[in-house]
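Quick notes on the structure that follows.
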Amino acid sequence: MQDFSLRWENGLNVAIKNISIKNLDNTQKNNTTDIQPYIHQFFDLFPLLHSVSVEDIQFKEFHGTLQYTQNKVGFIKFENSSQKLYATFNILRPFILINLKEYKNSSQGILVNGSFIIDTQSLQLYSKLSANIKEYADLKIYLTANKTNLYYTLKSQKPISHINTLLSMLPMPKELNFWANHAIDAQSAHINALYGSLSFDDISSAYKNLYANITLKKLNYTYNPKLDAIHTETTELEFKKGILYIYPKKAYSYGMYLDKSWLKIDLTPKKEYLSLFLDFNAKLNKDILHILQTYHITVPFLQKTGTTKTNLKIGVNLRTIAIDAHGKFYTDKALFEYLGLDIDVKNAFIELDNYDINIPKLTAKYKNIAQAFITAHYNAKKSLGDINFKVSKITLDKDIHLTLSNKKKLHITYKIAPSGDRVYVEESHWDIKGFPLTIDKSELALNLQKLQLVLSPTGYRVSDIANGYIEGNLDLKKMTLQATLDLLHFSYQGISTTQTDTEFQLLYDKKLSIKSFDDIYFSINGSQYKIKKLEAVLNEKEISLKHTMLYIGKYIHAKIYAKHKFNTKQAYVTLNKFTLKNPQTGHILYKNSKIPLLITFNDQNVQVDAKELRAHFFSTKKYWKLELDTLNVLSKKSNFLKKYSLNNGSVTFIKYNNDNIIKFKGKTKYKYKILTTRTEKIENYTINGYISKSLNVYVDINNKVNLKIANPMKLSVHDTGIDLEETLAFIESITAQKQEQNIALALFINAKNCYIKLDNERVVLSDSIKVQYFKDILTAQLLYKNGKAGFKLQNREFHLYGYGFNDTFMQNLFSISKFKGGNLDFSISGNLNKYNGIFFVKNTRMLDYVILNNVLAFINTVPSLATFSLPGYDKNGLLVNNAYMRFEAQNKHYTVSDLYIGSKEITIVGKGDVDLNTNSIDLTMNLKTDLGSNLSKVPLVGYILLDGKSISTTLKVYGPLKDPKVETMLAQDIAVAPLNIIMRTLKLPYKLINDSLESNQSTKNK
């Protein structure tokens, strides 16, 4: 205080130049009772006071002036840069009357005026104020105060705008600040009622004594900063006893009509509490799920259509954010998305009790695929729960569906636990395209976060057709499958597995792949098959097969590529690296790098066409059939067919399901014309036969030949001719095949009443012929009447020996002569291209011998040779005691070294050449006749003795074999081997041949 003066004039006059007021000590608690004695003392001295004048009063940044004179109106004025206060007062003991002319806060736009009455005796205050705030609010304020409390009433003269701005100007407890100043955003407010009181001793609890009823227009109320606000047309706010009630009218949030929903905020407890009451028809869409998730309530499904009657109360501790939620949800018809599937739901009732979710009833349907009645209970806090399904329908396809008997439903339980979710499915029965499938009771582990299912090994059965186990992993999020399927048994329509366990890998990732890294063994109607490296791929449109090896028995293998579109009845197949082998020898019979096939399905019938091969395969319920229209196409890729000249004709194979054999028939023009008639070789062959279960082949050829292709190979022939040249060529091919395969091939031939044709003029008659081929050795035996012959071929070297053959045999063997009586012996040896031999005939009558005919005809034309004529030859022939011929042959050219014909009338010796390629002859012959002496005494070794007892002449016979020319030559001696040497030479190979015959015969018997 400065320049204080005090004087007495009509009373006490006080003048002060300057008063500076400092901050009061806020630590010292004062109340009206404490200051009341000072007020009484002031008013006791007040009559002595005449005037008070304070020129300058300073308080913080305020400056003011005070003037008072007794019995006059005083004034007080305070101001700073933004605020101004001017008031007059009058003191009428015990009252002080204050007229607030103006309080103006230019920075906040506040203008206040009014009056105060202070009763200094009772210490009470009465006030009526008018306040205008930035033109946003025009208020009337009524105050009453006593020693302990302040009472107030506030009325609005017009709707209040800019609510947030006005509320932010008021000092509020922090508990109320957010909800009053920030959560509310309204177009305007009308104060229907606002009053209350406060205790000077407990100002912080003043809000508990506040009552307010306010109508807000166009309110946007943010009850949680993370969520969409509540948008209302009008809202009734009621604040009483420390609780704020908010009643929205025509309220929406996230675009949904909230109907009867409302909320309250209780500020009375130490921890403020918000209660949200949602009572409306909602859709559990992403927005509602977001609201629930904000309060840590997880609902695992999304509603797409329909409405859900919602009655939900959510309590939130605003300090701890602890949640207390209770609610009920009901929908009679809606579409929900769950785990990516659209589920139709009917009559669904869901109860929420904090962490407990209970579903007492719900009917769910997925498309036309599945339908079930569902009950569930789940505790979200403990992550424990059960979902029970009573499945009444599962139809995966028109041909794949669940079958239920006696209205019994399939029970499935989904158990949720922290240790891992599991799904339990009781035994189920299915119809798969008419086949009954049973799946045993199964258990699946479920990871709901990753949406992954793990199926433990589960048994399955398809009637009596198949059974096994399946296990694997299913990723519902990625829609992928990894599974292992064990097939323990399969048998259907002749197709059956031949191993105890066949394992398949099932992989699904937008398409289904079926693989097997193990060999798969199975049989079709008894035929053995094997699949290696199976790889099949399926999608909605087609199935394809690739990189898969197929083995049929030990004779066929190929790599398969195939594709079949489900909307067609055809499949396209390619067989790569196709190989057909002889199962016993391993020799490749046919090989093709690529064979395209077209498969056509017609009901249960299958047709396979190989256009390039001109081959067709048919499979029906009763049989399968393979037709090869021509062997020509196949032979181009088959060394076997090429080697044996099977390059024309056709063949058909057929197998009936009840048979163990494969029948076949065909026709061909065969290169080796083994069968023959007397006049021509047979080239057209009709073939019928079958293949046994042991893969032996039995063939009938032209109803003359029966062949068993096995090891040993057996061939029987009857009532036909056999061409020697063609037969030797055929045997040569078998020998070559054997050498390539390096295996011991055995062949046995039995021929009855057959003949061997040497050429068009000569045949070898037989009653029986037996042939054996084994270990590089070919042997044969021929019987005709009393004649016997043996043959041995080894390393291309052969020996042929025969004896005791009659005149009929000789007459067919030697086409240039006829015989009556007698016997023929012979011996031939060498190789097939070059050999030598001896023919020996005894005690026969030679008739119509072409060479002799021409010789005698020539002699008859030469008078000087009349001595050599045979007058009775034309009628009776020539009686020959013995005759022989020794020769060497190469490529049908015969060099005759010794020719001898001995008879009583004449002796003929000679040598020369016979060429069957040109059917020509070139011989030098010496004719000798007896002049009365005994010809038998003439020695045959050395040279002919011309002692006057015999006469000889020399002739040249040449030209066509059937009609040679004869000419005379200068007489000369021709020496031939003596008979005893011929006989020893003739019998030399007999022992070798006989030993071989006995050896091969014993092999055959074994």
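Got a number for carbon plus sulfur as a percent of the stretch 467-592's accessible area, 1.4 Å probe?
55 percent
Among 513, 435, 711, which residue has its Cα furthest toward the positive end of the charge dipole of the chain, with +1 on Lys/Arg Cβ and -1 on Asp/Glu Cβ?
Of the listed residues, the answer is 711.
For the pair residue 511 and residue 393, how long in nm is the line joining their label points, each one 7 Å along Cα→Cβ?
Rounded to a tenth, the inter-label distance reads 3.3 nm.
What nm distance separates the two modelled labels at residue 456 and residue 386, each placed 7 Å from Cα along Cα→Cβ?
Reported label-point gap for residue 456 and residue 386 is 1.8 nm.
Which value in deg cm²/dmol, rounded to the nearest 500, describes the helix-derived mean residue ellipticity at 222 nm for the chain, given -39,500 (n - 2.57) per DSSP H run of n ≥ 4 and division by the residue count?
Computed ellipticity for the chain at 222 nm equals -3000 deg cm²/dmol.
R0 = 22 Å: FRET efficiency of residue 164 with residue 250, Cβ-based, nearest 0.05?
0.50
Once Lys and Arg get +1 and Asp and Glu get -1 on their Cβ, which of 522, 699, 556 lies farthest toward the positive end of the dipole of the chain?
699
Quick one: go through the stretch 564-579 and flag any residue whose amide nitrogen is under 17 Å from the point 7 Å out along the Cα-to-Cβ line of residue 546.
564-565, 572-577
Could you tell me which of 98, 840, 619 has its Cα farthest along the dipole of the chain towards the positive end, charges placed at Cβ (Lys, Arg +1; Asp, Glu -1), taken about the Cα centre?
Projecting each Cα onto the dipole axis, the largest value belongs to 840.
Counting DSSP beta bridges with both partners in the chain, what percentage is antiparallel, nearest 5?
Of those bridges, close to 95 percent are antiparallel.
Nearest 20 debye, what's the magnitude of the dipole of the chain about its Cα centre given +1 on Lys and Arg Cβ and -1 on Asp and Glu Cβ?
With only Lys, Arg, Asp and Glu charged at Cβ, the dipole is about 1900 debye.
Assuming R0 = 22 Å, what is the FRET efficiency of residue 831 and residue 775, from their Cβ-Cβ distance, to the nearest 0.05?
0.75
Tell me, in nm to one decimal, what length is gained between residue 95 and residue 218 on full extension, where the rule is 0.36 nm per residue of separation less the Cα-Cα distance?
39.6 nm
So for 820, 714, what's the accessible-area order with a 1.4 Å probe, most first?
Sorted by accessible area, descending: 820, 714.
Roughly how many percent of the accessible protein surface of the stretch 656-712 is carbon and sulfur, given a 1.4 Å probe and a whole-percent answer?
Ligands and nucleic acids excluded, carbon and sulfur give 51 percent.
Over 30 Å between Cα atoms, which of 554/621; 671/965; 390/478; 704/842; 249/333 qualify?
Cα-Cα > 30 Å for 671/965; 704/842; rest within.
Assuming 0.36 nm per residue, please report the length gained on full extension of the stretch residue 197 to residue 1 beyond their Cα-Cα distance.
Result: 66.8 nm gained on full extension.
Find the relative contact order for the chain and round it to a whole percent, using C-alpha pairs within less than 8 Å whose residues are 6+ positions apart.
Contact order relative to length: 3 percent.
Of [x] -0.64, -0.81, -0.96; [y] -0.77, -0.87, -0.97; [z] -0.50, -0.68, -0.88, which one was derived for log10 I(q)/I(0) by the Debye sum over Cα atoms at q = 0.06, 0.07, 0.08 Å⁻¹ from the structure shown?
Looking at log10 I(q)/I(0) by the Debye sum over Cα atoms at q = 0.06, 0.07, 0.08 Å⁻¹ for this model, the match is [y].
Determine the sum of side-chain charges near residue 194: Lys and Arg each +1, Asp and Glu each -1, restricted to other residues whose C-beta is under 12 angstrom from that of residue 194.
Net charge in that neighbourhood comes out at +2.
What is the list of residues in the stretch 596-617 whose amide nitrogen lies under 16 Å from a point 7 angstrom out from the Cα of residue 657, following Cα to Cβ?
From the stretch 596-617, the list is 602-607.
To the nearest 20 debye, what charge dipole does the stretch 44-155 have about its Cα centre, counting +1 at the Cβ of each Lys and Arg and -1 at the Cβ of each Asp and Glu?
In total the dipole reaches around 300 debye.
Is there a quick way to get the dipole size of the stretch 778-851? I mean about its Cα centre, with the Cβ of Lys and Arg at +1 and of Asp and Glu at -1; what is the value in debye to the nearest 20?
Charge dipole, the stretch 778-851, about its Cα centre: 60 debye, nearest 20.
Accessible area of the stretch 190-276 with a 1.4 Å probe: how many percent of it is carbon plus sulfur?
53 percent
Just the accessible area for residue 405, please: 1.4 Å probe, Å², rounded to the nearest 10?
80 Å²
Over the chain, with the other protein chains present, what is the accessible area per residue in square angstrom, probe 1.4 angstrom?
55 Å²
Using a 1.4 angstrom probe on the protein heavy atoms only, line up 433, 365 by accessible area, largest first.
From most accessible down to least: 433, 365.
Ranked from the most accessible area to the least, with a 1.4 Å probe and all protein chains present, what is the order of 798, 617?
Descending accessible area places them as 617, 798.
Can you give me the distance in nm between label points at residue 187 and residue 110, each placed 7 Å from the Cα along the Cα-to-Cβ direction?
In this crude spin-label approximation the distance works out to 2.9 nm.
In nm, what is the difference between 0.36 nm times the number of residues separating residue 594 and residue 477 and their Cα-Cα distance?
Between residue 594 and residue 477, full extension yields an extra 37.9 nm.
Along the Cα-to-C-beta direction of residue 417, a point sits 7 Å from the Cα; which residues of the stretch 356-378 have their amide N less than 18 Å from that point?
In the stretch 356-378, the label zone of residue 417 (backbone N under 18 Å from the point 7 Å along Cα→Cβ) covers 377-378.
Rounded to the nearest 10 Å², what accessible area does residue 969 show when all protein chains are kept and the probe is 1.4 Å?
We get 60 Å² for residue 969.
The values are calculated or read from the model by the stated rules, or taken from the named source; none is laboratory data. Only a predicted model underlies this, so the values are computations on that prediction, with no experimental measurement involved. Counting neighbours? That spans all protein chains shown, and the Cβs are built from the backbone with ideal geometry, glycine included. Side chains are part of the model used for accessible areas, which takes the heavy atoms of the whole protein and leaves out ligands, DNA and RNA. Shrake-Rupley method; radii C 1.70, N 1.55, O 1.52, S 1.80 Å.
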